[in-house]
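Report on the following structure.
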Amino acid sequence: MYSTESAFWRRRLAPCVLVSALSFAPVVSAEAADVTLGIIGPHEYDLPVDFKPFNVLVQYGDGNAAGNYYNSGGQRTPGQGSHTWSGMTKYVHFRTFDAIPHVGFAFEIIQTENYTLANGASYGGLGPTIVGPAAWFKPNSHSTFGIQTFMQTNSGTRDSLTPGYWSNISSIIFDYEWKHFSFDGDVGTVVGATKHKNGEHSYSPGVVFYSNLRFSWKATKLVEPFFAFDWQNVTGTYDRTADRYVDDSNSREVALGTGIMFNISWDFSLTARYSHSVEGRNIPESNAYYIKLVYLWP
């Protein structure tokens, strides 16, 4: 039987470890809108140690009405945007090992779903699958520090919904809890393999650097408003066949947002947020809303 404290930890843990999409940025490219792991909410990395194994099912959903585009000079211009809807279905198994005390582990498998409406065309389907582990420890009772690393496949139901190359998404994760406030986030990178396609040039994708920060106010046990900061910078795509960088293929974005987390019960929570770009280059603006549903069981 789990104690009251364990139930509290499991409720906080449920939304945890990783995410994007739009927030996990299933298709990482200079043209993709939204910041990698932008879906995370409060207590995303407020994780326990020395717990009994349990499982979590998470459904993420978001939409982005990118009616404007940031050009190479950083000016926001009309057009070249799109309407996108994305989802992520994630299963996570949490456990510890007696041989490695005071350290928590999780293994995740994530399936992405996407739908895009742009330039008079619409299409949708399944995107890449993402798998990988995470591990963390607690320097003290109020803080958490760890690392997560995931592989993203190069396949999906449509070429337009996949990056066309394997990639690794890795980040350092952290959290600190006060009595009435919490602060957590991540900083990481996405590195992709060279993209090869018969009859076409070969490309090395730009390296993605990103960070997501969340600051929340524990207003009540049920309701928790929060502020979100998301940043991403993508280096230029290199055309290996032509031996040069692709013009205007580097990008950056800074987005700010506000949201609210509802801790409905120990095994179920709902988080909602709205975010908008405040600065960018060579990327559609973020004008996005996010929803996250979490259910956990022993």
Q. Taking the range 112-151 on its own, how many of its residues are part of a strand (DSSP E or B) and within 30 Å of residue 79 (Cα to Cα)?
A. 15
Q | Test: residue in the range 114-124 that is surrounded by fewer than 15 Cβ atoms within 10 Å (Cβ to Cβ), closer than 30 Å to residue 200 by Cα and touching a helix residue (DSSP H, G or I) at 6+ places or on another chain (Cβ under 8 Å) | A | yes
Q) Of (1) within 19 Å of residue 115 (Cβ to Cβ); (2) surrounded by fewer than 18 Cβ atoms within 10 Å (Cβ to Cβ); (3) touching a residue at least 40 places away in the same chain (Cβ under 8 Å), residue 52 satisfies all except one. Which? A) (1)
Q. Checking residue 166 against (1) within 19 Å of the chain's Cα centre (by Cα); (2) surrounded by 15 or more Cβ atoms within 10 Å (Cβ to Cβ); (3) closer than 19 Å to residue 214 by Cβ, which test does it fail?
A. (3)
Q. List pairs: first in the range 128-145 and touching a residue at least 24 places away in the same chain (Cβ under 8 Å) and over 26 Å from residue 167 (Cβ atoms), second outside any strand (DSSP E or B) and among the polar types (S, T, N, Q), Cβ under 8 Å, 6+ apart or cross-chain?
A. none
Q: Any chance you could count how many residues in the range 88-110 are modelled with pLDDT under 95 and either polar (S, T, N, Q) or touching a helix residue (DSSP H, G or I) at 6+ places or on another chain (Cβ under 8 Å) (or both)?
A: 1
Q: Would you check which residues across the range 106-137 are farther than 23 Å from residue 149 by Cα and among the β-branched types (Val, Ile, Thr) and list them?
A: 116
**Q.** All positions within the range 283-298 that are farther than 16 Å from residue 89 by Cα and either modelled with pLDDT of 90 or more or buried (at least 16 other Cβ atoms within 10 Å of the Cβ) (or both)
**A.** 283, 284, 285, 286, 287, 288, 289
Q. Within the set of pairs 6 or more residues apart or between chains, which connect a residue that is farther than 25 Å from residue 115 by Cβ inside the range 55-76 to a residue that is at pLDDT 90 or above and not in a strand (DSSP E or B) with Cβ atoms less than 6 Å apart?
A. 72/248; 72/282
Q: Within the range 171-229, work out how many residues are without any contact (Cβ under 8 Å) to a residue 40 or more places away in the chain, in a loop (DSSP other than H, G, I, E, B) and either of a type in the set (A, V, I, L, M, F, W, C) or in contact with an Asp or Glu (Cβ under 6 Å, 6 or more places away or on another chain) (or both).
A: 5
**Q.** Selection from the range 100-113 of residues that are touching a Pro at 6+ places or on another chain (Cβ under 6 Å) and buried (at least 17 other Cβ atoms within 10 Å of the Cβ)
**A.** 112
Q: Assess whether residue 72 counts as being closer than 23 Å to residue 254 by Cβ, of a type in the set (Gly, Ala, Ser) and modelled with pLDDT under 90.
A: no
Q: Quickly run through the range 200-227 and pick out the residues that are closer than 30 Å to residue 154 by Cβ and charged (D, E, K, R).
A: 200
Q. Can you name the residue in the range 247-274 that is among the aliphatic types (A, V, I, L, M) and touching a residue at least 60 places away in the same chain (Cβ under 8 Å) and is also farthest from residue 219 (Cα to Cα) among such residues?
A. 255
(Q) Looking at the range 74-81, can you tell me whether even one residue there is within 15 Å of residue 275 (Cβ to Cβ) and not in a loop (DSSP other than H, G, I, E, B)? (A) no
Q) Name the pairs whose Cβ atoms lie under 8 Å apart, with the first residue in the range 275-291 and touching a residue at least 12 places away in the same chain (Cβ under 8 Å) and closer than 20 Å to residue 42 by Cα, the second of a type in the set (Lys, Arg) and surrounded by 23 or more Cβ atoms within 10 Å (Cβ to Cβ), and 6 or more positions between them or separate chains? A) 289/273; 290/273
Q: Check 235, 258 and return the single one that is surrounded by 15 or more Cβ atoms within 10 Å (Cβ to Cβ), polar (S, T, N, Q) and out of contact with any His (no Cβ under 7 Å at 6 or more places or on another chain).
A: 235
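The values are calculated or read from the model by the stated rules, or taken from the named source; none is laboratory data. Quantities reported herein were computed from a predicted structural model and do not represent experimental measurements. Note that each Cβ is placed from the backbone with ideal geometry, even for glycine, and that neighbours are counted across all protein chains shown.
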